[in-house]
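Visitor: Quick one: the structure is below, and I'll ask about it shortly.
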Amino acid sequence: MTFWTYILRCSDGSYYTGHTDDLERRVGQHQAGEIQGYTQTRRPVALMWSQEFPSRQEALASEMQVKDWSRKKKEALFRGDWDGVSEAARKVSRYGVSTGSTPTRDEREVEVASGGERSRNTFPSTTPPPVIVLVRPQLGENIGKAARAMLNFGLADLRLVAPRDGWPNPAAGPAASGADIVLERAQLFDTVADAVADCAQVYATTVRKRGVTKPVVKPDEAATAIHAGPGRSAILFGPERSGLETDDVAVARTIITVPINPEFGSLNLAQAVILVAYEWSKHQDLAQPPETELPEPAPQEELDGMIGQLDAMLVHANFYFPPARTETTRRTLRTLLTKPGWSTQEVRTLRGILSALDGAKMRRNSAAPIESGEFVRDRDLDEPLP
């Protein structure tokens, strides 16, 4: 199966980046306003660039990388100007790959000509994804698992503050299970202050306030604020053993905490990251499993045919007994087969059907076969089964 990452130019001059498994259909949906969100009020749109990938994971990773590029870098990409793309890249990570996708202000703002002057209009929907900051993480495996959790929900900007075992860490790659783009773009910092210096809002995740008086919100409330607020946000996660220290929390403006069992409030690092990343992703246009249309109900004629066929089998199996209850039992069967929500009596009836078809109610004697109309209870129940 093929997947695409694509960029659309909107009617206001801004760019929208996404990914899909059906490029033509998705662009048509954007053009028709069928996709709620950013492009719905900025039509018509035009496809500027697309690239194929063999897996959804690779397409999503490309989307998260390209969507944070500056306008200059995106427009160089449209032209196929690879020198221009390289020139727009700003620095190289410790893994040796470009991190020039770190967003700049012109990525979040659109210049609009107005009366001979150029003014900037900021659109809340273009607020960049938050930065995930792991403060003094201890194990490379946990860094990899956190990267995997991030990419699952569309986040790719990972920053590491003084990891205990240094960086790069060979144990991180296998634990990331394919989220290599996150590890490749990860940036290393000596202090929390350095890691969040370019962020307009900083959140600290902790289950304890640690003596710091700050606003406290749940992950869903933080996600809403991040999408609504201007500028880039950072979310701090502490080391595995003890969590964030008081001085780390003091750097943040807001605390994120999760309602949790007070008798067991321990989350591992990747679990904490995935909780926050998931809440943020609910505001995004991430791909969902395709909806499968249910088949139309069968015509009544076909349903009656099935019931008639079953009824004939039950007559042959001598199911209906006593004869005086035959019509009541048939009515119960029809009701059972034409509505959902089985009652106890309906279940018992169905089990009787299954027993009859299985032969449990029919103790046959090969030397003395049951005659027409004779029911098993009229026979000697001690006779051996054939």
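Visitor: Do we find that D12 is acidic (D, E) and surrounded by 14 or more Cβ atoms within 10 Å (Cβ to Cβ) in this structure? Steps first, answer last, please.
Guide: Values: acidic (D, E): yes; surrounded by 14 or more Cβ atoms within 10 Å (Cβ to Cβ): no.
Criteria not met by D12.
Visitor: Between A156, A149, which is surrounded by 15 or more Cβ atoms within 10 Å (Cβ to Cβ), touching a residue at least 60 places away in the same chain (Cβ under 8 Å) and in a loop (DSSP other than H, G, I, E, B)?
Guide: The unique qualifying residue is A156.
Visitor: I'd like to check something: does the range 324-332 contain any residue that is at pLDDT 80 or above, among the hydrophobic types (A, V, I, L, M, F, W, C) and surrounded by 11 or more Cβ atoms within 10 Å (Cβ to Cβ)?
Guide: No, because not a single residue in the range 324-332 is at pLDDT 80 or above, among the hydrophobic types (A, V, I, L, M, F, W, C) and surrounded by 11 or more Cβ atoms within 10 Å (Cβ to Cβ).
Visitor: Right, next: Take the conditions out of contact with any Lys or Arg (no Cβ under 8 Å at 6 or more places or on another chain) and not in a helix (DSSP H, G or I) and apply them to S50. Does it pass?
Guide: Criteria met by S50.
Visitor: Tell me the residue from G243, G166 that is loosely packed, with under 15 Cβ neighbours inside 10 Å and not in a helix (DSSP H, G or I), please.
Guide: Only one candidate qualifies: G166.
Visitor: Here is a list: A234, A223. Which entry is at pLDDT 95 or above and assigned by TED's automatic domain parsing to the domain that holds V135?
Guide: Working: A223 fails: at pLDDT 95 or above.
Going through A234, A223 in turn, just one is at pLDDT 95 or above and assigned by TED's automatic domain parsing to the domain that holds V135: A234.
Visitor: Please pick out the residue among D311, D304 that is modelled with pLDDT of 85 or more, farther than 17 Å from T205 by Cα, surrounded by 10 or more Cβ atoms within 10 Å (Cβ to Cβ) and among the charged types (D, E, K, R). Walk me through how you get there before you give the answer.
Guide: Values: D304 fails: modelled with pLDDT of 85 or more.
None of the other options fit; the residue is D311.
Visitor: Is it the case, given these coordinates, that T99 is modelled with pLDDT under 50 and of a type in the set (S, T, Y)?
Guide: In short, yes.
Visitor: Test S55 against the stated conditions and say whether it is surrounded by fewer than 20 Cβ atoms within 10 Å (Cβ to Cβ), of a type outside the set (D, E, K, R) and in contact (Cβ under 8 Å) with a residue 40 or more places away in the chain.
Guide: yes
Visitor: What residue, among those in the range 274-301 that are surrounded by 10 or more Cβ atoms within 10 Å (Cβ to Cβ) and more than 21 Å from R56 (Cα to Cα), is modelled with the lowest pLDDT?
Guide: A298
Visitor: Within the range 136-144, is there a residue that is surrounded by 22 or more Cβ atoms within 10 Å (Cβ to Cβ), in contact with a Pro (Cβ under 6 Å, 6 or more places away or on another chain), in the same structural domain as R241 (by TED's automatic domain parsing) and at pLDDT 75 or above?
Guide: The answer is yes, given that some residue of the range 136-144 is surrounded by 22 or more Cβ atoms within 10 Å (Cβ to Cβ), in contact with a Pro (Cβ under 6 Å, 6 or more places away or on another chain), in the same structural domain as R241 (by TED's automatic domain parsing) and at pLDDT 75 or above.
Visitor: Give the residues of the range 169-210 that are part of a loop (DSSP other than H, G, I, E, B) and of a type outside the set (G, A, S), sorted by residue number.
Guide: N169, P170, D190, T191, V196, D198, C199, T206, V207, R208, K209, R210
Visitor: From the list T213, T224, pick out the single residue that is in a loop (DSSP other than H, G, I, E, B) and without any contact (Cβ under 8 Å) to a residue 60 or more places away in the chain.
Guide: T213
Visitor: To continue, here is another question. Restricting to the range 255-279, what's the tally of residues that are in contact with an Asp or Glu (Cβ under 9 Å, 6 or more places away or on another chain) and either part of a loop (DSSP other than H, G, I, E, B) or more than 23 Å from R164 (Cβ to Cβ) (or both)?
Guide: The total comes to 3.
Visitor: Oh, and also: Does the range 1-38 hold any residues that are farther than 14 Å from R56 by Cβ and part of a helix (DSSP H, G or I), and which are they?
Guide: E24, R25, V27, G28, Q29, H30, Q31, A32, Y38, listed by residue number.
The values are calculated or read from the model by the stated rules, or taken from the named source; none is laboratory data. Because the structure is a prediction, the values reported are computed rather than measured. In this analysis, Cβ positions are derived from the backbone assuming ideal geometry, glycine residues included, and neighbour counts consider all displayed protein chains.
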